[in-house]
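Visitor: Structure in structure tokens, see below.
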Amino acid sequence: MKVHDFISKMYINGQWVNANDGSTFDVLNPSNGDKVGEVANGDRNDAQKAIHAARHAFDRWSCLTAYQRSEYLYKAYQLMMEHREHLARVMTEEQGKPLKASRGEIQYGADFLLWYAEEAKRIYGETIPAPRSDQRFIVLRQPVGVVAAITPWNYPMSMITRKVAPALAAGCTVVLKPSEATPLCAVEIFKIFEKAGIPAGVVNLVTASDPAPIGETFITNPLVRKITFTGSTEVGKILAKKAAEQVKHVSLELGGHAPFIVFDDADPVYAAKGAVLIKFLNTGQACISPNRIFVHRSIVDPFIKEFKNRVSGMRAGSGFENGVSIGPLVNSAALEKVERQVADALDKGATLVCGGHRLMDNNLDKGYFYAPTVLNDVTPEMLIYRQETFGPVAPIIAFDTQEEVLEMANDTIYGLAAYVYTPNLSRAMRMFEGLRFGIIGINDINPTAAAAPFGGMKESGLGREGGREGIAEYLETKLGGFSV
Ligand code: NAD
């Protein structure tokens, strides 16, 4: 299936336009290498045009009432739900995830439009008792201005709405650059914005095969007042450093290295079921994916037995086939990273429970498929113990005490998600408080929703998306002191 027969254009100032120099780039399906579309290859000039359009549109958009902005977002939510099936098919074609997972992502992505359609009406100010009797203090919350957003390929639609919805609700205008691996998903979301009647210049899309010049234009143009980025910690640091030169606002959703902790009082079968579901979600290509599975030594055997059983039943292939739960990795570099980490772990003494190789049969060699893999006896010397894998590999580590596992879990530069399995309330509370991560699932593998703050500590990021916190990222606080 080819999603588009024509060149997909960029969306700047309410117009679908070709790149400044007319160039394009191909988009390939990671399941089989087939070309699924061709997209405008924007450059610095295109990025500048988009920024100017957003700045021009800002004055009007920020002066609309919250109720008016809310209407646009609500309309976009309705359209996204109406076109759910089409959007899911584009996502599976371009990104490779199973259709069921794509449908789930469309719902998650649409939820941000609905949630922020509502939150737009709750941007409250404050009055503060002043120190003088002839003085009054009033606090206003105003939009930061033009926002430049950069999004990844692993959740190619919901990562867009998670940024754009709160930004628009706050009264900001946006220029967005999606990942070069999934620009068609972005084009489809922008068609929804267009259909919702969002005024020209309020949302702008710049697609490009080389992200660096676009990112640099966003960072160096003083009209951009905020950078919001989801992607690797490495790129996040580059952007944050440069953004500091103009003291721009920065929000970063970066890498993760989630611990998944199973105590001896947990049911190993129930815990293994949860661990498999979250580990292999999106083929391990999720920032909240468990990357170190700590299991109490006394229940390692029953845990691994159940875990292996479930993993063995997983089928890899095209996301359009029924029963497929493992999609491809995004590209050859991702595949090589997984191969390198597994080889290193085996070399240093890990035990291979299952998997451990590329999948080649049934035409899978045309895509970037890797067998769901389980490693036992993983130790701190191994690369996989320290590095984010972003692939379908589950490393298992035995532990003995609560203090020991808390220390091991926190021993990472990352701090996004963590999971704990125990029926003991006091232990659960101590772990919830002691883990240095932004999102903790207690006997729960899905602690995410549009209404809940999502984000990391340490090198996993700055700021939060979703919930009440998500809109605050796009607002400035202004104090008025009145002499009366
Ligand atoms: P990436 O950093 O390579 O790319 C992310 C985005 O940044 C893409 O749009 C890419 O084109 C752009 N980019 C790359 N180099 C750039 C540069 N020099 N200047 C400007 N933009 C540039 O990451 P990825 O491989 O697309 O995504 C995977 C990473 O994202 C993982 O580390 C994952 O944990 C993280 N992630 C985090 C969250 C979160 O919410 N914390 C969510 C999804 C993914």
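The values are calculated or read from the model by the stated rules, or taken from the named source; none is laboratory data. No experiment lies behind these values; they were computed from the predicted model shown. All Cβ positions, glycine included, derive from the backbone under ideal geometry; neighbour counts span all protein chains shown. Ligands, DNA and RNA are stripped out before the accessible areas are found, and what is left, the full protein with its side chains, is counted by its heavy atoms. Shrake-Rupley method; radii C 1.70, N 1.55, O 1.52, S 1.80 Å.
Visitor: Could you work out [θ]222 nm for the chain from helices alone, using -39500 (n - 2.57) per DSSP H run of at least four and dividing by all its residues? Round to the nearest 500 deg cm²/dmol.
Guide: Numbers: 15 runs with 185 residues, N = 484.
Rounded to the nearest 500, it is -12000 deg cm²/dmol.
Visitor: What GluC sites (Glu not before Pro) in segment 307-364 are in a loop by DSSP, with at most 15 other Cβ atoms within 10 Å of the Cβ?
Guide: Qualifying residues, ordered by number: Glu321.
Visitor: Okay, next question. Taking the Cα centre of segment 271-352 as origin and charging only Cβ (+1 Lys, Arg; -1 Asp, Glu), how large is the dipole, in debye to the nearest 20? Kindly include the intermediate steps, with their values, before the conclusion.
Guide: Working: 11 positive and 7 negative charges, 56 e Å.
With only Lys, Arg, Asp and Glu charged at Cβ, the dipole is about 280 debye.
Visitor: Which one of Ile106, Gly319, Ile288 is farthest out on the positive end of the charge dipole of the chain, using unit charges on Cβ (Lys, Arg +1; Asp, Glu -1) and the Cα centre as origin?
Guide: Ile106
Visitor: Now for a separate question. Before I look further, what does the chain give for accessible area per residue, probe 1.4 Å, in whole square angstrom?
Guide: On the way: 19760 Å² over 484 residues.
Result: 41 Å² per residue.
Visitor: Right, next: Roughly speaking, what is the centre-to-centre gap between segment 93-148 and segment 174-228 when only Cα atoms are used, to the nearest Å?
Guide: Between the Cα centres of segment 93-148 and segment 174-228 lies a distance of 18 Å.
Visitor: Under a cut-off of 14 Å between alpha-carbon atoms, report the aspartates and glutamates in cross-link reach of Lys337, not counting same-chain residues fewer than 8 places apart.
Guide: Glu388
Visitor: From the square roots a ≥ b ≥ c of the eigenvalues of the alpha-carbon gyration tensor of the chain, which class results: rounded (a/c under 1.5), prolate (a/b over b/c), or oblate?
Guide: Values: a/c = 2.05, a/b = 1.32, b/c = 1.55.
Oblate.
Visitor: In addition: Based on Cβ point charges of +1 for Lys and Arg and -1 for Asp and Glu, what charge dipole magnitude is obtained for the chain about its Cα centre, in debye rounded to the nearest 20?
Guide: Working: 51 positive and 54 negative charges, 250 e Å.
For the chain, the charge dipole is close to 1200 debye.
Visitor: A further question on this structure: How long are the three semi-axes of the equivalent ellipsoid of segment 113-188, in whole Å, if each is the root of 5 times an eigenvalue of the C-alpha gyration tensor, listed from largest down? All intermediate terms of the calculation are to be shown ahead of the outcome.
Guide: Values: eigenvalues 271, 29, 14 Å².
For segment 113-188, the semi-axes come out at 37, 12, 8 Å.
Visitor: With 21 Å as the limit, write out which pairs from Lys242/Lys478; Lys237/Lys458; Lys100/Lys308; Lys273/Lys308 have Cα-Cα distances beyond it, or answer none. Intermediate values should be presented prior to the final figure.
Guide: Working: Lys242/Lys478 26 Å; Lys237/Lys458 12 Å; Lys100/Lys308 23 Å; Lys273/Lys308 10 Å.
Cα-Cα > 21 Å for Lys242/Lys478; Lys100/Lys308; rest within.
Visitor: Something else: Could you pull out the GluC sites (Glu not before Pro) across segment 370-410 that fall in loop regions by DSSP (anything but H, G, I, E, B) with no more than 16 other Cβ atoms inside 10 Å?
Guide: Answer in residue order: Glu381.
Visitor: Whats the longest run of the chain with zero chymotrypsin sites (Phe, Trp or Tyr not before Pro) that are DSSP loop and have at most 10 other Cβ atoms within 10 Å? Don't skip to the end; give the middle numbers.
Guide: Working: sites that count: Phe6, Tyr124.
Within the chain, the longest run free of exposed chymotrypsin sites (Phe, Trp or Tyr not before Pro) spans 125-484.
Visitor: Next question. Between helix 158-170 and the chain, what is the angle of the helix's C-alpha long axis to the longest principal axis, kept within 0 to 90° and rounded to the nearest 10?
Guide: Here the helix axis deviates by roughly 30 degrees.
Visitor: Express the carbon and sulfur contribution to the solvent-accessible surface of the chain as a percent, rounded to the nearest whole number, probe 1.4 angstrom. Present the calculation step by step, with values, prior to reporting the outcome.
Guide: Numbers: 10220 of 19760 Å².
Carbon-and-sulfur percentage of accessible area, whole number: 52.
Visitor: Restricting to segment 258-448, what percent of DSSP beta bridges are antiparallel, rounded to 5? Spell out each step's value before the answer.
Guide: On the way: 4 of 25 bridges.
Antiparallel: roughly 15 percent of the beta bridges in segment 258-448.
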